[in-house]
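Beneath this line is the structure, given in structure tokens, with notes to follow.
The values are calculated or read from the model by the stated rules, or taken from the named source; none is laboratory data. All of these numbers come straight from a predicted model, not from anything done at the bench. For neighbour counting, all protein chains shown are included, and Cβ atoms are generated from backbone atoms with ideal geometry for every residue, glycine included. Heavy atoms of the whole protein, side chains included, go into the accessibility calculation; ligands, DNA and RNA do not. Shrake-Rupley method; radii C 1.70, N 1.55, O 1.52, S 1.80 Å.
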Amino acid sequence: MRLGYLPYNRLNNTAKTEEKFKISSFINLFTAINLLLLPVSFLLGRASIAGGVLPFGMAIFASAAGMDCNKYLIGISVIFGMITRGTPEQIYITIAAMFLFSVFGTIIRTDKGQATMKIAILALISTLIPEIVIVNMQGFLLFDFLKALFHGVLIFLLIFIYRNAISGIQRKTRLNNEEIISIAILTAVTLAGLADIQVMGVVLKDLLSIIIILICGYKCGPGVGAASGVTIGLVVSLYSPVAPYVIGSYAIAGLLTGTLRKLGKIGASLGFVLGSGIFALYINGSTEILLHIKEIVIALLIFMLIPNKVSDSITTILGGNFEFSGGDRNYTERIKEITVDRLNNFSNTFKELSKTFCEISETKTITDKEDISVLFDRVADRVCKDCCLCLHCWDRNFYNTYQVMFKIVERLEEKGRIENKDIPKYFMDRCERVNDFVLSVNNVYELFKVDMVWKSKISESRELVSQQLEGLSKVVSNLANEIGNDVNFDIDLENSLKLNLEKAGIKIKDVNVMETKWGTYEASITHKGCGGKRICINTIEKIATDILSRKMVKETVECIKGIKDNSCTIKLIEEEIFSVTTGVSKLSKYNSMVSGDNYTFLNTGNGKYVVALSDGMGSGHKAAVQSRATISMLEQFMESGFDKDTSVKLINSVLVLKSDEDSFSTIDMSVIDLYNGEVEFVKTGAVSTFIKREEKVDVVRSATLPAGILSNIETEILKRRIDNGEFLILVTDGVLDAFKKDNPLNDDNFIKFVNNMESKNPQEIADLILNEAYKICDSKPIDDMLAVVAKVWKKVS
């Protein structure tokens, strides 16, 4: 349809829309941030440093790029400011740099995660190009080149400060320390732009400087008062030959202002006057650097007239306890150090206990002299004590008696008991109580064997307790290391994320963005509750993904609700590259109602996916109890952050101590890294694991004993890599034994069967494996069967 035939109403609506857009664009030019930055940029255009260099205007122009302010209005304001004070050469350099920066900005895209760095580099290049042109026209002297380079580098550094300051000004909530310092530097440089402007003989630069120092010292204490004095004194006197004296005067005045603030505004004012007077006396009353009395008096009057609500609102936005924020941070660091020290002490205590139990757990044997002496003493006490020949045998003829007893012990070790014929003839001829002696030796030896068995059990238990204490020591030590590690919070990303969420209409209370030890991002966002509108998924996830340049998703389905207020906290984590779908097929032994095989699969929450199975000893209820306990403990340990080696050793020690009967089970665990596709295999007594790839089947084998047999078990961790569309197949020995019916020496039949399967469904593959094994066994499985198949696939970004 041609335009001329459009209905009148439609044309009228289009015209109204265009008119509204023009009005909206015009209104956007006069936002609060633009109105604030226009006079600031004008004064920054006037601010200069030694040598007549004016870098501050170009820095504020470039810093406005990508922020909610109009950089072209700021640029015009900067140029007007430079015209009032700058040389034609500096004006040309700034205009040319602004033009080049705008051109480069349209060509090069600035990623939000690294916007400040890219903008700073573009500003540096844009400034150096016209500077080099001027240097070349003047003969390319080394001094001029270094001056030009200094100009560009200074702008590069100032952009980081100014963008922090603008970000802090845009936010209406409490500022962090970096933003406070950046705003302070921006304010000080702005004051320097006033230069020697006077109104009725009053120097505005000195007047405003005094007022700011008074407010900072009065509201925030001596530390901030002195810091503000140093900052303002340093910047406003950059071009002055007596800068050190000005800085010292401002610093001491701010320090005493904060010191006497408890006396109210009068005390703070008196502190400022005393600080200035003390410094004047210290330098012998030099009038060159002393503040004029007129500026001090007028500043004190204005300070007294400023309502407390106004000064309170300023310091609240800047972080009213800025003076103590460093102390709070130090206090937090001290708490962290104390916690780490305590945990390390606990870890060392458990380690020492482990060593102690290990040292005293050596098992004794009956051949020890001390044990044999005890055996002899018990027999003599029972039989020979009241015999008339006792003195003859055990005193006068002790050596021969002792040799006889040793021969008897040898026979006991061989046969387990002795008879009359086992005693030497010459001893029988002499002994009057042979039958009693034989009976007593057998009884004492039986008791002795029982005693030694329990000693061995106790010793073994001590060794197992030693292993558990050592494992606990490692866990506590790892926890201490995690707490002791510095958490990498990204303040720039936090500010950017908070600003964009607030733009989207979400009332944000707190944002934390941290980089984990695995190099992934985590974000915790506290906002006003949405009443079930699910803005966390519809809005927050999308904005976080855009700002962090990584796909961010909620860690859990539910949000954490605030107890005292209607707030909601969600945790966003990086979406894993890989995902896992698991299929399970299970079959019990023929004529058995309960399977002794158990399994689990779970996402531990740190980018790891665990697939594990366990085969209890034998079959039926007893095997089921053992394997179920093994899987249950493994789930708990892995979810709690225990490492694989410690988890297996703790499970082994529990199974060994569980009862006086044999209690053991296999552990077959595969841990898949969902970010890089690496798989770690941990096997104790388990059969092979298989990786079904596109063209072949890889086999992962390990020759180890099941858990619960030996008190000390060694784990072997094997590593492989798995890719998109590949399958991880875990089975118990009942499955492989069925496939080995015709070929008992290897797994070729099973590998061939798996390789020929065309199904891409993990559940279907698990069912096919069990059905084939069931068919091979003629529908009468000789053992429990379990197959767990995990398909790994890449998520679509």
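Some observations on this one:
- Yes/no for S41 being at pLDDT 85 or above and under 28 Å from K498 (Cβ atoms): yes
- The residues in region 498-516 that are under 18 Å from K551 (Cα atoms) and either assigned to a loop (DSSP other than H, G, I, E, B) or open to solvent by 60 Å² or more (accessible area, probe 1.4 Å) (or both) can be counted, and the count is 2.
- Residue-level analysis places G531 among those that are at pLDDT below 85, surrounded by fewer than 18 Cβ atoms within 10 Å (Cβ to Cβ) and on the phi > 0 side of the Ramachandran plot.
- Pairs with Cβ under 6 Å, 6+ apart, first in region 586-615 and over 30 Å from G677 (Cβ atoms), second in a strand (DSSP E or B) and open to solvent by 30 Å² or more (accessible area, probe 1.4 Å): S595/K586
- Unique residue being within 30 Å of A623 (Cα to Cα) and either at pLDDT 85 or above or buried (at least 19 other Cβ atoms within 10 Å of the Cβ) (or both) when the list is T600, T545, T604: T600
- Filter result (closer than 25 Å to D784 by Cβ, of a type in the set (A, V, I, L, M, F, W, C), buried (at least 17 other Cβ atoms within 10 Å of the Cβ) and in contact with a Gly (Cβ under 8 Å, 6 or more places away or on another chain)) within region 674-708: A707
- Criterion (charged (D, E, K, R) and crowded, with 17+ Cβ neighbours inside 10 Å) met by exactly one of D778, D783: D783
- Any chance A787 is in contact (Cβ under 8 Å) with a residue 40 or more places away in the chain, small (G, A, S) and in contact with a strand residue (DSSP E or B) (Cβ under 6 Å, 6 or more places away or on another chain): yes
- Looking across region 747-766 at every residue that is open to solvent by less than 50 Å² (accessible area, probe 1.4 Å) and part of a loop (DSSP other than H, G, I, E, B), the one that is nearest to S688 (Cα to Cα) is identified as D747.
- F642 vs. criteria closer than 24 Å to G519 by Cβ and modelled with pLDDT under 80: yes
- For region 351-366, the criterion of being closer than 30 Å to E432 by Cα and either at pLDDT below 70 or buried (at least 16 other Cβ atoms within 10 Å of the Cβ) (or both) is satisfied by at least one residue.
- Note on region 249-347: no enclosed helices (runs of 4 or more DSSP H) hold 1 or more residues that are basic (K, R), over 21 Å from P222 (Cα atoms) and modelled with pLDDT of 85 or more.
- Residue in region 181-196 that is open to solvent by 30 Å² or more (accessible area, probe 1.4 Å), modelled with pLDDT under 80 and not in a helix (DSSP H, G or I) present: yes
- Region 104-142, subset assigned to a helix (DSSP H, G or I) and at pLDDT below 85, residue nearest to the chain's Cα centre (by Cα): G113
- Any hit, region 72-80, residues being over 30 Å from E502 (Cα atoms) and either without any contact (Cβ under 8 Å) to a residue 60 or more places away in the chain or touching a helix residue (DSSP H, G or I) at 6+ places or on another chain (Cβ under 8 Å) (or both): yes
- Selected residue [open to solvent by less than 20 Å² (accessible area, probe 1.4 Å), closer than 20 Å to D377 by Cα and either modelled with pLDDT under 75 or of a type in the set (D, E) (or both)] from F398, F448, F427: F427
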